[in-house]
2 protein chains.
Amino acid sequence: MRILLVGAGGVGSAAAAIAARRDFFQLMVVADYSLERAERAVSGLGDRFVAARLDASQADDVARLCREHGITHVLNAVDPRFVMPIFDGAYHAGADYLDMAMSLSLPHPTDPYTKTGVMLGEQQFGKAVAWEAADRLALVGIGVEPGLSDIFARYAADHLFSEIDEIGVRDGSNITVEGFDFAPSFSIWTTIEECLNPPIIWERERGWFTTAPFSEPEVFDFPEGIGPVECVNVEHEEVLLIPRWVDAKRVTFKYGLGTEFIEILKTVHKLGLDSTRPIAIGGGKSAVMVSPRDVLAAQLPDPATLGSRMKGKTCAGTWVKGKGLDGRPREMYLYHVVDNEWSMREYGHQAVVWQTAVNPVVALELLAQGVWKGAGVLGPEALDPVPFLDLLTAYGSPWGMRDQQPFRAVTQAAREEIAA
Amino acid sequence: MRILLVGAGGVGSAAAAIAARRDFFQLMVVADYSLERAERAVSGLGDRFVAARLDASQADDVARLCREHGITHVLNAVDPRFVMPIFDGAYHAGADYLDMAMSLSLPHPTDPYTKTGVMLGEQQFGKAVAWEAADRLALVGIGVEPGLSDIFARYAADHLFSEIDEIGVRDGSNITVEGFDFAPSFSIWTTIEECLNPPIIWERERGWFTTAPFSEPEVFDFPEGIGPVECVNVEHEEVLLIPRWVDAKRVTFKYGLGTEFIEILKTVHKLGLDSTRPIAIGGGKSAVMVSPRDVLAAQLPDPATLGSRMKGKTCAGTWVKGKGLDGRPREMYLYHVVDNEWSMREYGHQAVVWQTAVNPVVALELLAQGVWKGAGVLGPEALDPVPFLDLLTAYGSPWGMRDQQPFRAVTQAAREEIAA
């Protein structure tokens, strides 16, 4: 296996560091718009790693770099604006493709908070036939969320439930960052995209539909000491992926943003600073074009550099409600928690990016072994979850399960406590 | 009189339109970084008006343009970053100078919310001796606030009070802008500068000192139907100017921002978007440098273009407390209200910029007549307020006075109503 890893930011650098401890591949080319950043990411990882410069917005450049290095698998670790050129570039070069976020959505032009427009991943699924015909695999959404959360959904359907009413992904943390008024622990560009786009929901009777941002607030009690966090609907790939392969009546995604972050995002939107449309700054010939969202992202501290100031745990998981194998009502939360102290000590990467990065590396190893295989555009829930969950545990990062029914009472109490 | 008006934004364009109805000058050159904008400002105003291109950051360019047109008076109507090059350029060309905002402050390096650093206007007052020696006048802070507010302070001291305890400038409006989530009616660049810098206060015993942003919130009941608005301390030139020429125990400035605007400014600060330090956007050779505050300003609607969507009145005024000429306790609020409907109908310029722009034009006319004269760096309160207030009224924009004592009870009731 010869891998091209596109993007040497937080997630890309962590993926390279995780892969460096495994022997399933021969070469990993780490490519970034900034060669210096790519060089920093491969530094000290050994001679299977090579740094390269790449403009990820150019499919031809991606294909050229693949051919130059005989790449068999492209792992996309840049922000989702670049999904399509990297996806197409891999295809043209005859390589398989993996990403952790899917092609971007466009809201419905007249009815954005009810109807879907162009959906997340729709551009990629539109090319599924071509990928299948070429016997190439695009394994999309194989980070932690989407990714591990989808694998949990499939695992629940295969091994825990006879019938599923709702699959609700729930993400929350108690991470704090010392010394900053405001320092998100994940890409603000992507967080804005997720949180300010109309959230999407899937129901068996209705198909996909949208709601207003921050809808259906709920307090979810996260495990391993994280505790209750306010969660709201956000647009996320799981809602697009899970219903394609797993039978359920309803699929949702709620993100534990917390009240302060929600207010900040509302203000960012009010000021138009979520906009990705470039505007002119300055006058005459010296005017430059920038997008307000890029400026916001550049002004905030780089989340990948905050690890040593971060404290706490992050949890990704899937809450499944329905009937157990015995036909009786069942509710389970399948989850994965990473403690920042552990990921910093073990890998030198902060918890949120480490938790995202470990999953595509596990997936690549399963593909290298031939345990996972397929063709076309597939989500993680299209493949057998058991070997994945076992290998993830073997990487030193076990997952957990919690019978959710006793927690309903606790959650209700927590909700009242927060409301008080 | 031959005038160079620097800046064809909202205030500059309104000043040109107001001056066009008066015959006290021979020439007005309207100069802007964008020649197109300057041409738009002079269009239809007659042949005393000429448009020119000017880089206001270059003192030599300012001086060159002054010499080219035989300029006698430079009126600075751009944002306060450009005060020093325009001030110096006018001096070098032997012209008199007027502005509506003074040279910028720098917070105290270790104790910003208690001690002053470089104060507003300090760079200008540092050159007062040179201006005086050259027998040239720099009349600084002659907009509405500073400007008319300072003239009110001097009028109160000369004609209404025997002793003054406090002079507190209070600014508020009930202006709304239709069709925007958020659309400030004045330059956001300047508003951020005023509101996020440490507010300054003057006391006879203590001199100048600073506090934390948004300190000492108070509800002030504005006249002519505007009503109660939450006001907080902000950094403003009056506090620096008034104590130099008017005897008072304490001088403050509070701005009626309202609760929503205060929260937005706090978030802007938390995100670092108030910063004027340029940051790199994009990577490699295509990276461009922009300051986050410039991007925020460019993304929001231009306040000068909002007049037709605005509704309501804006009030600038000076609240004076002390002893009347009869030695008995007295409290008066001297104020000037502009109704947006009136300014749009009469001049085609919105109320907030019109109210700022009318004052330097009145001042220029008094200088042209020889009624006002002086040398050195002077604030508006250094000159006789009566001819100014009379001429302002003659311009069709009268001022008012309110005995403030009965309003203390009303204000207390309003404060309780808002708190409830």
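Structure above, values below:
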{"read-out": "Criterion violated by A:Trp342 - all others in (1) part of a strand (DSSP E or B); (2) farther than 17 Å from B:Pro292 by Cβ satisfied", "value": "(1)"}
{"read-out": "A:Asp247 vs. criteria within 14 Å of another protein chain (Cβ to nearest Cβ) and either surrounded by fewer than 18 Cβ atoms within 10 Å (Cβ to Cβ) or under 20 Å from A:Thr211 (Cβ atoms) (or both)", "value": "no"}
{"read-out": "Sole residue being assigned by TED's automatic domain parsing to the domain that holds A:Val29, surrounded by 19 or more Cβ atoms within 10 Å (Cβ to Cβ) and either aromatic (Phe, Trp, Tyr) or within 25 Å of A:Ile192 (Cβ to Cβ) (or both), chosen from A:Ala77, A:Ala63, A:Ala52, A:Ala59", "value": "A:Ala77"}
{"read-out": "Which listed residue, of A:Val377, A:Val362, is surrounded by 24 or more Cβ atoms within 10 Å (Cβ to Cβ), under 19 Å from the mean Cα position of the chain (by Cα) and without any contact (Cβ under 8 Å) to a residue 40 or more places away in the chain", "value": "A:Val362"}
{"read-out": "Hits in the stretch B:162-176 (condition: surrounded by fewer than 21 Cβ atoms within 10 Å (Cβ to Cβ) and either in a strand (DSSP E or B) or within 14 Å of chain A (Cβ to nearest Cβ) (or both))", "value": "B:Ser162, B:Glu163, B:Asp165, B:Glu166, B:Thr176"}
{"read-out": "Test: residue in the stretch B:256-272 that is closer than 24 Å to B:Val320 by Cβ, at pLDDT below 95 and surrounded by 22 or more Cβ atoms within 10 Å (Cβ to Cβ)", "value": "yes"}
{"read-out": "Selected residue (only one of A:Glu193, A:Glu218, A:Glu230 is of a type in the set (D, E, K, R) and farther than 29 Å from A:Glu331 by Cα)", "value": "A:Glu193"}
{"read-out": "Residue ID - farthest from the other protein chains (Cβ to nearest Cβ), chosen from residues in the stretch A:276-293 that are surrounded by 18 or more Cβ atoms within 10 Å (Cβ to Cβ) and touching a residue at least 12 places away in the same chain (Cβ under 8 Å)", "value": "A:Arg293"}
{"read-out": "Every residue from the stretch A:301-320 that is farther than 12 Å from A:Ser343 by Cβ, surrounded by 22 or more Cβ atoms within 10 Å (Cβ to Cβ) and not small (Gly, Ala, Ser)", "value": "A:Pro303, A:Leu306, A:Cys315, A:Thr318, A:Trp319, A:Val320"}
{"read-out": "Single unsatisfied condition, B:Val386 versus (1) surrounded by fewer than 20 Cβ atoms within 10 Å (Cβ to Cβ); (2) in a helix (DSSP H, G or I); (3) without any contact (Cβ under 8 Å) to a residue 40 or more places away in the chain", "value": "(3)"}
{"read-out": "Test: A:Asp32 is charged (D, E, K, R), without any contact (Cβ under 8 Å) to a residue 24 or more places away in the chain, out of contact with any Asp or Glu (no Cβ under 7 Å at 6 or more places or on another chain) and under 21 Å from A:Trp354 (Cα atoms)", "value": "no"}
{"read-out": "Residue within the stretch B:101-109 that is outside the structural domain of B:Thr191 (by TED's automatic domain parsing) and part of a helix (DSSP H, G or I) present", "value": "no"}
{"read-out": "Members of the stretch B:57-100 that are in contact with a Gly (Cβ under 7 Å, 6 or more places away or on another chain) and assigned to a loop (DSSP other than H, G, I, E, B)", "value": "B:Ala77, B:Val78, B:Met100"}
{"read-out": "Some residue of the stretch B:349-366 being on the phi > 0 side of the Ramachandran plot and at pLDDT below 95", "value": "no"}
{"read-out": "Selection count, the stretch A:110-140, where residues are crowded, with 16+ Cβ neighbours inside 10 Å, touching a Ser or Thr at 6+ places or on another chain (Cβ under 9 Å) and either assigned by TED's automatic domain parsing to the domain that holds A:Lys321 or assigned to a loop (DSSP other than H, G, I, E, B) (or both)", "value": "7"}
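The values are calculated or read from the model by the stated rules, or taken from the named source; none is laboratory data. Owing to the predicted nature of the structure, the values given are computational and were not obtained by experimental measurement. Using ideal geometry, Cβ is built from the backbone for each residue, glycine included, and neighbour counts are taken over all protein chains shown.
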